[in-house]
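Trainee: Structure incoming, see below.
The values are calculated or read from the model by the stated rules, or taken from the named source; none is laboratory data. Quick caveat, the model's predicted, so the values are computed rather than measured. Because the Cβ atoms are built from the backbone with ideal geometry, glycine has one as well, and the counts that use them run over all protein chains shown.
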Amino acid sequence: MKIAILSVVPSPYQRDLFRALSDQPGIQLEVYYLEAAAPDSPWPEAPLAAWEHILPGKTLGRYRVRCHFNWNLPSFNDVDLVIVNAALTGVTTQTVMRRLIDRGIPWIFWGERLRDRSGFSGSVQSHLVRPLREASAIAAVGQEAATDFRRRLPGGPPITNMPYHCAISAFQMAERPPARHRPIRFLFCGQMIPRKGIDLLLEAFLRIQAVHSNTRLILAGREDNIRERLAPLPCACREAIDLTGFVAPDALPALFAEADVFVLPSRHDGWGVVINQALAAGLPIIASNAVGAAAELITDGKEGFIIPTEDVDALFHAMDALVRKDEVRRTQGLAAARLGTTLHHVAGARKWVALIDRTLGSRHVALAS
């Protein structure tokens, strides 16, 4: 089968999955990226595989609100199926979806849960979502996304829960330092922006520091205006916070191994692949119920704690519990590590092969009838 994927950028995490998919027997893969690099994630450049291509084009907007306009688009006339994994706001995405519909080429839309819009924005969003009704299938990133797509597309194409998978073996094998006689280290990894709840985390950590001086907070990721946020904090609290800046993907396993607890109190996260990584590293996780991966994967009290979004009190109490109770921290870490083994990129590639087979099989049956 010849499979084409339209994706935004050569993210190291998705490329793990794409490589595994290209290695599957009977799959001939071509991947087309809308741009060469993400402006908000300065990943080190890595050579593209022969089946990876960067489309010429322009990008408008920033962060999550971005619009891609590309040219020299592939025709896709010689492929068996196309997987569209790009923002619906992009001119390229809308153009490709409509061409696939017009030409009768099977295609799957693969996306995270959409944020609810109202008023004029809601009308625009409804227009952008409309082509999905003509998709051969929807691969929703997480069960919440699947439920949301079913709500938006009643009577539409079949919808499958297809979470993100990435390479995790380095996180599983990273050597952890001895736990004795060192502070309890909380780790946040991601963009330090309001959507990720960085302000909530700083407020909760200030309260934790007032009770437990033997704690530290590691902040890894693009810093944005984080230093301005730290300035009003008491000196003792500021000194307990380590700013690492952006960390290259190959250095993340060692960073996660230095931590004791992973924290992600986002106001919205369609998935959050750092949850996959934290599970593989065997870290108890504190995450808001607005983090798709946490809501999907973590059982509250087993691999960590799920807290209501915007709830600083709940965040503080979850952090406090994991500082006070070494045994809870240990058992949750072990449960996290067991769950993490199921999220390997090779397992993800096999799920994709099964979905592709089902999609093409059901289409061929429909055509024959």
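Trainee: Looking only at the range 129-145, count how many residues are surrounded by fewer than 18 Cβ atoms within 10 Å (Cβ to Cβ) and either farther than 20 Å from Trp271 by Cα or of a type in the set (Val, Ile, Thr) (or both).
Mentor: Kept after step one, since they are surrounded by fewer than 18 Cβ atoms within 10 Å (Cβ to Cβ), are these residues of the range 129-145: 129-130, 133-134, 143.
Next, only the ones that are either farther than 20 Å from Trp271 by Cα or of a type in the set (Val, Ile, Thr) (or both) stay: 129-130, 133-134.
Qualifying residue count, the range 129-145: 4.
Trainee: Continuing with this model, one more query. Confirm whether Gln191 is assigned by TED's automatic domain parsing to the domain that holds Asp269 and either in a loop (DSSP other than H, G, I, E, B) or basic (Lys, Arg) (or both).
Mentor: Numbers: assigned by TED's automatic domain parsing to the domain that holds Asp269: yes; either in a loop (DSSP other than H, G, I, E, B) or basic (Lys, Arg) (or both): yes.
Yes.
Trainee: If you don't mind, another one. Could we say that Ile306 is among the hydrophobic types (A, V, I, L, M, F, W, C) and either under 20 Å from Ile193 (Cα atoms) or outside any helix (DSSP H, G or I) (or both) here?
Mentor: Details: among the hydrophobic types (A, V, I, L, M, F, W, C): yes; either under 20 Å from Ile193 (Cα atoms) or outside any helix (DSSP H, G or I) (or both): yes.
It is true that Ile306 is among the hydrophobic types (A, V, I, L, M, F, W, C) and either under 20 Å from Ile193 (Cα atoms) or outside any helix (DSSP H, G or I) (or both).
Trainee: Phe305 - would you say it is touching a residue at least 40 places away in the same chain (Cβ under 8 Å), under 29 Å from Ala167 (Cβ atoms) and crowded, with 21+ Cβ neighbours inside 10 Å? Break it down stepwise before answering.
Mentor: Numbers: touching a residue at least 40 places away in the same chain (Cβ under 8 Å): no; under 29 Å from Ala167 (Cβ atoms): yes; crowded, with 21+ Cβ neighbours inside 10 Å: yes.
No; evaluated as a whole, the condition is false for this residue.
Trainee: Within the range 104-123, restricting attention to residues that are in a helix (DSSP H, G or I) and not hydroxyl-bearing (Ser, Thr, Tyr), which residue is surrounded by the most Cβ atoms within 10 Å (Cβ to Cβ)? Working first, answer last.
Mentor: So the first thing to find is which residues in the range 104-123 are in a helix (DSSP H, G or I), and the list is 119-123.
With not hydroxyl-bearing (Ser, Thr, Tyr) added as a condition, the list becomes 119-120, 122.
Details: Gly119: 7, Phe120: 8, Gly122: 11.
Restricting to residues being in a helix (DSSP H, G or I) and not hydroxyl-bearing (Ser, Thr, Tyr), the top hit is Gly122.
Trainee: With respect to Glu296, is the statement that it is more than 21 Å from Glu258 (Cβ to Cβ) and among the acidic types (Asp, Glu) true?
Mentor: Working: more than 21 Å from Glu258 (Cβ to Cβ): yes; among the acidic types (Asp, Glu): yes.
Yes.
Trainee: Starting from residues that are of a type in the set (Val, Ile, Thr) and more than 20 Å from the chain's Cα centre (by Cα), keep the ones in the range 344-363 and report whichever is farthest from Val82 (Cα to Cα). Before the answer, list the steps.
Mentor: Let us first name the residues in the range 344-363 that are of a type in the set (Val, Ile, Thr), namely 346, 353, 356, 359.
Checking the rest, the ones that are also more than 20 Å from the chain's Cα centre (by Cα) come to 353, 356, 359.
Numbers: Val353: 13, Ile356: 10, Thr359: 11 Å.
Of everything passing the filter in the range 344-363, Val353 is farthest from Val82 (Cα to Cα).
Trainee: What is the one condition in (1) over 23 Å from the mean Cα position of the chain (by Cα); (2) part of a helix (DSSP H, G or I) that His181 does not satisfy?
Mentor: The number of the failed condition is (2).
Trainee: Among the numbered criteria (1) within 17 Å of the chain's Cα centre (by Cα); (2) charged (D, E, K, R); (3) in the same structural domain as Val263 (by TED's automatic domain parsing), which one does Glu144 miss?
Mentor: Condition (3) is where Glu144 drops out.
Trainee: In the range 158-172, is there at least one residue being polar (S, T, N, Q), loosely packed, with under 15 Cβ neighbours inside 10 Å, assigned to a helix (DSSP H, G or I) and under 20 Å from the mean Cα position of the chain (by Cα)? Steps first, please.
Mentor: Let us first name the residues in the range 158-172 that are polar (S, T, N, Q), namely 160-161, 169, 172.
Filter once more, so that each one left must be loosely packed, with under 15 Cβ neighbours inside 10 Å: 169.
When the remaining residues are screened for being assigned to a helix (DSSP H, G or I), the result is 169.
Applying the additional criterion that residues be under 20 Å from the mean Cα position of the chain (by Cα) yields 169.
Scanning the range 158-172, I find at least one residue that is polar (S, T, N, Q), loosely packed, with under 15 Cβ neighbours inside 10 Å, assigned to a helix (DSSP H, G or I) and under 20 Å from the mean Cα position of the chain (by Cα), so the answer is yes.
Trainee: Of the residues Leu217, Leu200, Leu233, which is free of Cβ contacts under 8 Å to residues at least 60 places away in the same chain and crowded, with 18+ Cβ neighbours inside 10 Å? Write out each step before concluding.
Mentor: On the way: Leu200 fails: free of Cβ contacts under 8 Å to residues at least 60 places away in the same chain; Leu233 fails: crowded, with 18+ Cβ neighbours inside 10 Å.
None of the others qualify; the one that does is Leu217.
Trainee: Can you find a residue that is at pLDDT 90 or above, under 23 Å from His317 (Cα atoms) and basic (Lys, Arg) anywhere in the range 185-194?
Mentor: Yes, there is a match, as at least one residue in the range 185-194 is at pLDDT 90 or above, under 23 Å from His317 (Cα atoms) and basic (Lys, Arg).
Trainee: Among the strands (runs of 3 or more DSSP E) confined wholly to the range 30-91, which include 2 or more residues that are of a type in the set (A, V, I, L, M, F, W, C) and under 24 Å from Ala354 (Cα atoms)?
Mentor: On the way: elements: 52-54, 57-62, 65-70, 81-85.
Per the criteria, 81-85.
Trainee: I'd like to verify a number: residues in the range 309-343 that are assigned to a helix (DSSP H, G or I), within 22 Å of the chain's Cα centre (by Cα) and among the charged types (D, E, K, R), how many?
Mentor: So the answer is 1.
Trainee: Something else: For the range 213-290, which fully contained strands (runs of 3 or more DSSP E) count at least 2 residues that are in the same structural domain as Val328 (by TED's automatic domain parsing) and under 18 Å from Gln172 (Cα atoms)?
Mentor: 261-264
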